[in-house]
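S.K.: Below is a structure I'd like to ask you about.
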Amino acid sequence: MKILTITNMWPIEAHKYYGIFVKEQVEGLKKHFPYSKNKVVFINGRKN
């Protein structure tokens with residue numbers, strides 16, 4: 001199974017808790033589906 005996550009919220013060095021729930025969801029998918037291929041596309045929402 002292939003999973004694509006497109007998000008504008010993701011923890012970065014300057015803001016470690018910004019979008020942490022999205023990262024936790026992606027990690028949960030990896031845990032429950034270890035043979036899936038996960039790709040995260042991060043569009044920095046705080047930059048714009």
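The values are calculated or read from the model by the stated rules, or taken from the named source; none is laboratory data. Keep in mind it's a predicted model, so treat the numbers as computed, not measured. Positions of Cβ are generated from backbone atoms using ideal geometry, with glycine treated the same way; all protein chains shown enter the neighbour counts.
S.K.: Given the structure, is K31 exposed (fewer than 15 other Cβ atoms within 10 Å of the Cβ) and either at pLDDT below 90 or in contact with a strand residue (DSSP E or B) (Cβ under 6 Å, 6 or more places away or on another chain) (or both)?
M.R.: Details: exposed (fewer than 15 other Cβ atoms within 10 Å of the Cβ): yes; either at pLDDT below 90 or in contact with a strand residue (DSSP E or B) (Cβ under 6 Å, 6 or more places away or on another chain) (or both): no.
No, not satisfied.
S.K.: While we're on this one: Can you pull out the residues in the chain that are in a helix (DSSP H, G or I) and of a type in the set (A, V, I, L, M)?
M.R.: I20, V22, V26, L29 - these are the residues of the chain that are in a helix (DSSP H, G or I) and of a type in the set (A, V, I, L, M).
S.K.: Based on what the data block shows, is G19 at positive phi, surrounded by 10 or more Cβ atoms within 10 Å (Cβ to Cβ) and out of contact with any His (no Cβ under 7 Å at 6 or more places or on another chain)?
M.R.: Yes.
S.K.: Within segment 26-42, track down each residue that is of a type outside the set (G, A, S) and more than 13 Å from L4 (Cβ to Cβ).
M.R.: Once the filter is applied, which keeps residues that are of a type outside the set (G, A, S) and more than 13 Å from L4 (Cβ to Cβ), segment 26-42 yields E27, K30, K31, H32, F33, P34, Y35.
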